[in-house]
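Shown next, in structure tokens, is the structure this report addresses.
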Amino acid sequence: MDFNALTQNFEIVVLVGCLVVGYIIKKSLDFIPNKYIPTILAILGACLNSVAKGPSLETIVYGALMGLASTGMHQAFTRFVENTPEE
């Protein structure tokens, strides 16, 4: 698998933005169920990446991927800090 396309389209601002928004949703907005956070972050990532790099199908897909990656990063970091085993 060639990861060059992923590294060329990687935008750290989008990833960090989604990570921060996901954290805020998780900790502050109790009326949003946790199961909807990945979907919200995928949509947000697609929108943010489209703004950052210009709207195209490719930037939307990579933005959604970065939004979902931020969800995974949060879970991995939380498990590492809290030292809890995977479910």
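Annotations
- Overall, the chain carries a charge dipole of about 220 debye about its Cα centre when +1 sits on the Cβ of Lys and Arg and -1 on the Cβ of Asp and Glu, all other atoms neutral.
- Rounded to 0.05, the FRET efficiency of the MET73 and ILE32 pair, given R0 = 22 Å and the Cβ-Cβ distance, is 0.70.
- Scoring 57-63, 28-34 by mean Cβ neighbours within 10 Å over their residues and listing the highest first yields 57-63, 28-34.
- The chain, Rg to Rh (Cα coordinates; Rh as Kirkwood inverse mean 1/r): 1.02
- Phi-derived couplings, Karplus 6.51 cos²θ - 1.76 cosθ + 1.60 at θ = phi - 60°, listed residue by residue for segment 38-45: x, 5, 4, 6, 5, 5, 4, x Hz, with x used for Gly and Pro.
- Rounded to whole numbers, the Karplus 3J(HN,Hα) couplings from phi for segment 11-22 are 10, 4, 5, 5, 4, 5, x, 5, 4, 5, 5, x Hz, using 6.51 cos²θ - 1.76 cosθ + 1.60 with θ = phi - 60°, and x at Gly and Pro.
Readers should treat all values here as calculations from the given coordinates under stated rules, not as data from a laboratory. Remember, it's a predicted structure, so these values are computed and weren't measured experimentally. Quick reminder, even Gly has a Cβ in these numbers, built from the backbone with ideal geometry, and neighbours come from all protein chains shown.
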